[in-house]
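Step one of this worksheet: look at the structure below.
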Amino acid sequence: MTALPPFQSILDEHAAVVMGVLRGAVGRADAEDCFQETFLAALRAYPKLDNADNLRGWLLTIAHRKAIDHHRANGRRPLAVAQVPETGIEDPDPADNGIWTAVDALPPKQRAAVALRYGSDLPHAEIAAALGCSPEAARRSLHEGIKRLRKELA
Amino acid sequence: MKTSLDRLTERAAAEGLLDVAYANVDSPFGQLLLAATPRGLVRVNLPNYDPEETLEELAAKVSPRVLEAPAKFERARRELDLYFEGKLTEFDLPIDWQLTHGFRGKVQRAIKRIPYGQTRTYTEMARSAGNERAVRAAGTACGSNPIPIVVPCHRVLRSGGGLGGYGGGLPMKEELLRLEGVL
């Protein structure tokens, strides 16, 4: 078991990724509220966390739940666990040569998977945590997305 | 991002989730790290010790809910500034003694009561903690003081008049004693 590091170091290390994922999930305007809720919930649960091996995955799972809460509270249709909202994932600084426009045009789940993988540089397990699906499903969405992009951009 | 993190820290404190707040504070000797619980100042890290290690130690011994919260230290910062300018002779800051226990705790509480500009010997500290013969243990208690400067272990010297030791290095001990007009 790894000792739990001071919470501030987790915040320093992962705040930007969590914010990026939330902007994609609920939009820029509401991401801040979800960000606060995510980290307060994390802080509440932190001392009882079993181990510190995958803190980012843990945070992204909480962020995903907060995004769902947000959508429910806003009276939109409840999201199925494996669904992502219709708003686009916004990459902070896309190296754009038409690729990100093509990414935007992907179906939501593929778009989210591609953006999290290549925009936020997350591994499959954490994409899965952020999307609330299995790593297998995340991998599949990513794969489908890339296949489609190849075809579009060929 | 910065304001967002500030807001998080404020909300955490308001909801009782800020178990350990900390801040870096400048001093003539380099950067000090101050840490406090809701009860009071719990740790002062001197410049020659790694602040990261101290934060990890606080996470393990007090609570992993450790957040940087400079706003919580305005008073401590002001008092320390005045102290280093020679304009403050007694700190008026609440102390959380939870990192110290037993005989060491007694010695450290006794150290807190040594007035500005005065010194005591390790033997005297052992006596005021209730065991005159535990001189070596009194020395260890000074050396393991979690809240140096505010708990003024620099005012404890060897019986023969020697300076003894100091966690922050002997030059710092000398400098503090000079500031207080002892040397």
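With a 10 Å cut-off around each Cβ of A:31-40, the average count of Cβ atoms from other chains is 3. Summed over all non-identical Cα pairs, the Kirkwood treatment of the protein assembly as shown gives a radius of 23.0 Å. For the pair B:Asp6 and A:Thr101, label points projected 7 Å from Cα toward Cβ lie 4.0 nm apart.
For peptide B:62-69, what's the mean number of Cβ atoms from other chains within 10 Å of each residue's Cβ?
6
Computed FRET efficiency, Cβ-Cβ of B:Asn24 and B:Glu132, R0 41 Å: what is it to the nearest 0.05? The formula returns an efficiency of 0.55 here. Projected onto its three principal axes, the C-alpha set of segment B:2-84 covers 35, 26, 25 Å, listed from the longest axis down.
Binning the alpha carbon pair distances of segment B:127-183 at 10 angstrom intervals from zero yields the distribution 22, 57, 21, 0, expressed in whole percent.
Partner shielding of B:156-169 amounts to 0, given as the average count of beta-carbon atoms from other chains within 10 Å of each residue beta-carbon.
Taking 14 Å as the straight-line reach from the Cα of B:Lys112, the aspartates and glutamates in range (excluding those fewer than 8 positions away in the same chain) are B:Glu90, B:Asp92, B:Asp96, B:Glu124. Within a straight-line Cα-Cα reach of under 29 Å, A:Lys109 can be paired with the following lysines, leaving aside sequence neighbours fewer than 8 residues apart in one chain: A:Lys66, A:Lys147, A:Lys151. Can you tell me, using C-alpha contacts under 8 Å and at least 6 residues apart, the relative contact order of segment B:1-106 as a whole percent? Reported as a whole number, the value is 28 percent. Only Lys, Arg, Asp and Glu carry charge here, each on its Cβ (+1 for the first two, -1 for the last two); on that basis segment B:2-84 has a dipole of about 320 debye about its Cα centre.
Taking N as the number of residues in chain B, what is its Cα Rg relative to 2.2 N^0.38 Å?
Values: Rg = 16.8 Å, N = 183, 2.2 N^0.38 = 15.9 Å.
The reported ratio for this selection is 1.06.
Within the straight-line cut-off of under 14 Å between alpha carbons, the aspartates and glutamates reachable from B:Lys87 are B:Glu79, B:Glu180, sequence neighbours fewer than 8 places apart in one chain being disregarded.
None of the figures in this text is laboratory data; all of them are computed from the coordinates on show. Quantities reported herein were computed from a predicted structural model and do not represent experimental measurements. With ideal geometry, Cβ positions are generated from the backbone for all residues, glycine too; neighbour counts draw on all protein chains shown.
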